[in-house]
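Okay, handing you the structure first.
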Amino acid sequence: MEGTYQHIIDSKGRLFIPVRLRDELGHVFYVTLSMEKCLTAYSSESWQRFNDKYKQMSQVDQSRIEILYAMAHKCDLDSQGRINIPQPLRNYADLKKNVAIVGVGDRVKFWDSERYAKVAAEAMKPENIAAVFEELRF
């Protein structure tokens, strides 16, 4: 999944999911916390891979990521292509109105638009891009 889209989350916590991302996420998917101050959406297949990996972890490592399961929300698209994001998740990511919806590989991230603009600006500095290419040996 790729691309960045801007949408508004309404007062009821409903967020429109762009068609291109909907097609890849599926009608039902899972949203939970991310390492950054944003949310991550996983398709059912990606969530299953996440679960499979979790089952392989030691109990100590499992306990470290239990919060991801505790905060996870199963999302069903409504007839207008929207999902409802519960208030605790919106609070974590500071999602109040303008949301950047960003496709990242096999998942989608939901960012506060202003925060994402800052993160993207920093990431797009040529020296940061060069460092990533070097680290990944491209």
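Readers should treat all values here as calculations from the given coordinates under stated rules, not as data from a laboratory. Computed from a prediction, not measured in an experiment: that's the story for all the values here. Here Cβ is always computed from backbone atoms with ideal geometry, including for glycine, and neighbour counts include all displayed protein chains.
Have a look at G13, Q62, Y42 and report the one farthest towards the positive end of the charge dipole of the stretch 2-113, computed about the Cα centre with Cβ charges (Lys/Arg +1, Asp/Glu -1).
Farthest towards the positive end: G13.
Note down the nm distance, to one decimal, between modelled labels 7 Å out along Cα→Cβ at Q80 and at L68.
The modelled label-to-label distance comes out at 3.2 nm.
Dividing the alpha-carbon radius of gyration of the stretch 63-131 by 2.2 N^0.38 Å (N being the number of residues), what value is obtained?
Details: Rg = 14.8 Å, N = 69, 2.2 N^0.38 = 11.0 Å.
Here the Cα radius of gyration is 1.35 times the empirical estimate.
Using the Cα centre of the chain as the reference point, and only Cβ charges (+1 on K/R, -1 on D/E), how large is the resulting charge dipole? Debye, rounded to the nearest 20. Can you show the working numbers first?
Working: 20 positive and 19 negative charges, 78 e Å.
It comes to approximately 380 debye.
So what is the orientation-averaged projected area of the chain, using the convex hull of its C-alpha atoms, in nm²?
If I average the Cα hull's projected area over directions, I get 9.2 nm².
Right, next: Can you put W47, W111 in order, fewest other beta carbons within 10 Å first?
With the sparsest Cβ surroundings first, the list reads W47, W111.
With a 10 Å cut-off between alpha carbons and a GNM built on the chain, which of S58, S11, S113 moves the most?
Largest GNM mean-square fluctuation: S58.
At most 16 other Cβ atoms within 10 Å and a DSSP loop assignment: could you name the GluC sites (Glu not before Pro) in the stretch 1-110 that fit? Numbers along the way, then the final one.
Numbers: sites: E2, E24, E36, E45, E66; in loops: E36.
Loop-located and lightly packed - E36.
Still on this structure: The chain: longest stretch without exposed trypsin sites (Lys or Arg not before Pro) (DSSP loop, at most 16 other Cβ within 10 Å), sites themselves excluded?
38-95
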